[in-house]
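The values are calculated or read from the model by the stated rules, or taken from the named source; none is laboratory data. Just so you know, these numbers come straight off a predicted model, no measurement behind them. All Cβ positions, glycine included, derive from the backbone under ideal geometry; neighbour counts span all protein chains shown.
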Amino acid sequence: MTRHISVVLLDDVTGALRGPDLELLTVARTLGPVRAVAFEAPSADALAALGTYGVADVVHLDVDGEPHLTGVAAAALAPVLTDARVLLARATFANKEVLARLAHLTGAGLLIDAARVGEHDGLVAGWKRVFAGSWDVDSVVTTELALLTVRPNAVRPVPADAPADPVVRAVALDAAAAEAAAGGVRLVSRTLHETSGSARPPLAEASVVVAGGRGTLGDFGPVEDLADALGAAIGATRDAVDEGWIDHDAQVGQTGVTITPHLYIGAGISGAPHHRGGMQASEVIVAVNSDPECPIFEICDFAVVGDLATVLPQAAAALRARTA
Amino acid sequence: MARRIVVVVKHVPNIHSARAFADGRTVRGAEDGSLNELDEHPVEEAVRILEGLDEAERAESEIVVITVGPAEAVDALRRAFQLGATTAIHVNDEALAGSDYAGTAKALAAAVRKVAADGPIDLVLAGMAALDGLGSVVPALLAAELGLPQLTNAGKLELDGATARVERVVDGATEVLEAPLPAVVSVNDHINRPRFPNFKLIMAARTKPVTTWTLADLGVDAAEVGEAGARTRVLSAEPRPERAPVEIHVDAGAGGEALVEFLVRRGLV
């Protein structure tokens, strides 16, 4: 059988499908008939969304073991890829490693963190931004199966022209196989972090991010105010995290969360290379800083030289007045 | 017990030179500015593990750094010497040019196996990512190639006899993972603060011998690595187009409104 199926690994199917998963489905459809796979049984809401996005073939990877271990996840996925030309997954750290393990198992080519996905002469192609956002690289995968992690905001999610009636089937990985695939690694504990202010979108996938740095002097109130007026996620510099002003999960940077929103607003952020490497690929960059010489002004589209403690609340008020 | 630790490091183009001169560091010489910054952390971690041993054990212990890359990649090994590595291996072969993640991992794995053939190793350490590509997948691929357990992105590492335990924060969760040694462990920049090399180490690093291995030395088929073995092909690579000149608004009381006006103009709200 020729490889023609476009497989999407969905990260969260227990509730309603969220933006990044819908984006993956939108991309996948352009590459072949879509098969959606997940490590949980999909909820009714998730199934309804899959129908709207034209997905008929849904697989629940039923693992008798720990799917948070890279080896186990890869072993569970391998059997659903035998007729696939591409596997698309969100650009999370866990997914990158699972796809790497699959590349080793299957001999497939790997593209990490594509910002756009398409085709070139019949091969799956991915476009990404590297070297701290300073270079654009277009690559194709030359193997029969292509494995890609795809950045959030790669496309805008669009339902299919023709809806489908999703049918769920289970593909199991038994305890012995899961144990062998773990390769000696044991997950001792896993603690999900509380998402305080859960009304805000997750940082890694937000289309708008407002970030604060040392210039907040520890008061993230104005940053939160503007973020909420925009429906944005909140980010921070390593400095602000190290000071304990905000949670570690908010850290934008090369070793924190790498973001590519449509709009990034940095307040009280000088623009150290470490931070820039994590946000420089954003579409539009706005900076507010009292120092006219700060390096972030060199890479932004719009700069306000001023005190964020007054500029941000004024912007938030102006936005609310527009929508009121 | 004595420990034999392999650290795999990468030489990266100097895209962050500003950082090299920050934090009150002395200006680095041209010869040592190009070890991937995040790879200083695994070298430091190896040094700390050895420092936890008694003198006799330490005398028996070894920190072997390995890099795969062209001639100039030797600079990364010199830097690793400054930070406390004891042995350095440079895998250099023209056929490696154009390697993708898989090719790089294959060559590294072959080098690690050759080191292990001389005597058992306890640990393979790596940085969590290279700042040029940020793919973060080479440690996982290396573990797969070697058939060793992988413990990646560690913010804390404890060795207890023949077991490694790491704590890591990934994707909004804190995880504790355990595996028997030998294991492949990648560490992030929270695990330690690399020390400044002292003058004695800097001088010694200049003349320490570096072993060079070719693919033939490693028994790796040239067709499996480099451009020949790559499973991806670059179609084009271009510097990002310059942004339009920045619009600067100096706040005189209406900075927030100007910001919103810009967003409206760009169709962002």
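Close Cβ contacts (under 6 Å, 6 or more residues apart or on different chains) running from residues in region A:18-33 that are acidic (Asp, Glu) to residues that are not in a helix (DSSP H, G or I) comprise A:ASP21/A:LEU10; A:GLU23/A:ALA154; A:GLU23/A:VAL155; A:GLU23/A:PRO157. Applying the condition of being assigned to a loop (DSSP other than H, G, I, E, B), facing chain B (nearest Cβ under 10 Å) and not hydrophobic (A, V, I, L, M, F, W, C) to region A:278-291 and asking which residue is nearest to A:THR216 (Cα to Cα) yields A:SER290.
Looking at B:VAL43, B:VAL68, which is the one that is under 23 Å from B:ALA110 (Cα atoms), modelled with pLDDT of 95 or more and in contact with a helix residue (DSSP H, G or I) (Cβ under 7 Å, 6 or more places away or on another chain)? Working first, answer last.
Numbers: B:VAL68 fails: modelled with pLDDT of 95 or more.
The match here is B:VAL43.
Filter region A:185-242 down to the residues that are hydrophobic (A, V, I, L, M, F, W, C) and assigned to a helix (DSSP H, G or I) and list them by number.
Matches in region A:185-242: A:LEU203, A:ALA204, A:VAL223, A:LEU226, A:ALA227, A:ALA229, A:LEU230, A:ALA240, A:VAL241.
Against the numbered list (1) among the basic types (Lys, Arg); (2) closer than 30 Å to B:VAL184 by Cα; (3) away from chain B (no Cβ under 14 Å), A:ARG3 comes up short only at (2). Exactly one residue among A:ALA204, A:ALA199 is of a type in the set (A, V, I, L, M) and surrounded by fewer than 18 Cβ atoms within 10 Å (Cβ to Cβ), and that residue is A:ALA199.
Tell me yes or no: at least one residue of region A:270-277 is out of contact with any Leu (no Cβ under 8 Å at 6 or more places or on another chain), assigned to a loop (DSSP other than H, G, I, E, B), closer than 28 Å to A:THR323 by Cα and within 13 Å of chain B (Cβ to nearest Cβ). There is no residue in region A:270-277 that is out of contact with any Leu (no Cβ under 8 Å at 6 or more places or on another chain), assigned to a loop (DSSP other than H, G, I, E, B), closer than 28 Å to A:THR323 by Cα and within 13 Å of chain B (Cβ to nearest Cβ). Annotation note: Cβ proximity below 8 Å between a residue of region A:105-120 that is facing chain B (nearest Cβ under 7 Å) and a residue that is among the polar types (S, T, N, Q) and part of a strand (DSSP E or B) (sequence gap 6+ or interchain) occurs for A:GLY109/B:THR232; A:LEU110/B:THR232; A:LEU111/A:SER139; A:LEU111/A:THR149; A:LEU111/B:THR232; A:ILE112/A:THR149. Restricting A:ARG3, A:ARG35, A:ARG29 to those that are basic (Lys, Arg) and within 17 Å of A:PRO159 (Cβ to Cβ) reduces the list to A:ARG29. Residues that are crowded, with 21+ Cβ neighbours inside 10 Å and out of contact with any strand residue (DSSP E or B) (no Cβ under 8 Å at 6 or more places or on another chain) within region A:74-103 comprise A:ALA74, A:ARG101, listed in sequence order. Any residue at all in region A:34-41 that is farther than 17 Å from A:ASP165 by Cα and surrounded by fewer than 18 Cβ atoms within 10 Å (Cβ to Cβ)? Within region A:34-41, one or more residues are farther than 17 Å from A:ASP165 by Cα and surrounded by fewer than 18 Cβ atoms within 10 Å (Cβ to Cβ). Selection of region A:7-40 for residues being under 12 Å from A:TYR53 (Cβ atoms) and among the small types (Gly, Ala, Ser) yields A:ALA28, A:ALA36. Taking the numbered list (1) buried (at least 22 other Cβ atoms within 10 Å of the Cβ); (2) within 19 Å of B:HIS190 (Cα to Cα) in turn, A:THR216 passes all entries but (2).
Using the structure shown, decide if A:ARG214 is in contact with an Asp or Glu (Cβ under 8 Å, 6 or more places away or on another chain), charged (D, E, K, R) and under 18 Å from A:ALA272 (Cα atoms). Please lay out each step first, then the result.
Details: in contact with an Asp or Glu (Cβ under 8 Å, 6 or more places away or on another chain): yes; charged (D, E, K, R): yes; under 18 Å from A:ALA272 (Cα atoms): yes.
Yes, satisfied.
Pick out, from region B:112-224, the helices (runs of 4 or more DSSP H) lying fully within it that include 1 or more residues that are at pLDDT 95 or above. Spell out the reasoning first.
Values: elements: B:138-146, B:199-207, B:215-218.
It comes to B:138-146, B:215-218.
If you go through region B:125-156 and keep only what is in contact (Cβ under 8 Å) with a residue 40 or more places away in the chain, in contact with a helix residue (DSSP H, G or I) (Cβ under 6 Å, 6 or more places away or on another chain) and more than 9 Å from every other protein chain (Cβ to nearest Cβ), you end up with B:LEU125, B:ALA126, B:GLY127, B:LEU142. For A:THR191, the criteria (1) at the interface with chain B (Cβ under 8 Å from one of its Cβ atoms); (2) within 27 Å of A:THR2 (Cα to Cα) hold in every case but one, which is (2). Please determine, by comparing only the residues of region B:171-188 that are aliphatic (A, V, I, L, M) and buried (at least 19 other Cβ atoms within 10 Å of the Cβ), which one is farthest from A:ALA91 (Cα to Cα). Applying the filter and picking the extreme gives B:LEU181. When you check A:GLU205 against the structure, is it closer than 14 Å to A:VAL257 by Cβ and either among the charged types (D, E, K, R) or free of Cβ contacts under 8 Å to residues at least 12 places away in the same chain (or both), yes or no? Considered against the rule, which asks whether it is closer than 14 Å to A:VAL257 by Cβ and either among the charged types (D, E, K, R) or free of Cβ contacts under 8 Å to residues at least 12 places away in the same chain (or both), A:GLU205 comes out as yes. On the stretch given as region A:152-171, residues that are over 22 Å from A:PRO79 (Cβ atoms) and either free of Cβ contacts under 8 Å to residues at least 40 places away in the same chain or among the charged types (D, E, K, R) (or both) total 3.
Among all residues of region A:292-304, there is none that is touching a residue at least 40 places away in the same chain (Cβ under 8 Å) and either surrounded by 22 or more Cβ atoms within 10 Å (Cβ to Cβ) or facing chain B (nearest Cβ under 10 Å) (or both). Of B:THR174, B:THR104, all but one fail to be over 21 Å from B:GLU227 (Cα atoms) and touching a strand residue (DSSP E or B) at 6+ places or on another chain (Cβ under 9 Å); the exception is B:THR174.
Residue under question is B:VAL112, and the condition is that it be surrounded by 22 or more Cβ atoms within 10 Å (Cβ to Cβ), in contact (Cβ under 8 Å) with a residue 24 or more places away in the chain, within 13 Å of another protein chain (Cβ to nearest Cβ) and among the hydrophobic types (A, V, I, L, M, F, W, C); does it hold?
In short, no.
Identify all residues within region A:305-316 that are more than 7 Å from chain B (Cβ to nearest Cβ) and among the small types (Gly, Ala, Ser); write none if there are none. Correct list: A:ALA309, A:ALA316. Annotation note: of B:ALA216, B:ALA205, the sole residue that is farther than 20 Å from B:ALA130 by Cα and surrounded by 15 or more Cβ atoms within 10 Å (Cβ to Cβ) is B:ALA205.
Of everything in region B:245-269 that is more than 7 Å from chain A (Cβ to nearest Cβ) and outside any helix (DSSP H, G or I), the residue that is nearest to A:ALA303 (Cα to Cα) is B:PRO245.
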